[in-house]
Amino acid sequence: MPANREFYVIIERDEDGLYVGEVPQLKACYSQGETIEELMVNIREVIELCLEEMDDDSVNEFIGVQTVVV
């Protein structure tokens with residue numbers, strides 16, 4: 001069994017009040033849910049699907065988040 005991998009999820013709330021999550025390390029890997037708990041269940045499924053479709057070289061390295069004051 002392969003080792004567990006850790007992915008970061010960027011979470012926002014959209015104009016309809018839904019939580020929207022995106023995994024920056026994986027291209028086109030995003031989902032939504034009415035609660036954060038529902039979002040996390042959904043995003044885990046999407047991550048697994050994304051990983052099935054790609055190889056390890058396609059996973060981007062997540063560096064971090066910075067704040068920009070404008």
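Here is how the numbers come out for the structure above:
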read-out	value
Members of the stretch 12-59 that are in contact (Cβ under 8 Å) with a residue 24 or more places away in the chain, outside any helix (DSSP H, G or I) and loosely packed, with under 15 Cβ neighbours inside 10 Å	27, 54
Only one of 59, 9 that is among the hydrophobic types (A, V, I, L, M, F, W, C), modelled with pLDDT under 95 and within 15 Å of the chain's Cα centre (by Cα)	59
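The values are calculated or read from the model by the stated rules, or taken from the named source; none is laboratory data. Computed from a prediction, not measured in an experiment: that's the story for all the values here. Glycine gets a Cβ as well: all are built from the backbone with ideal geometry, and neighbour counts include every protein chain shown.
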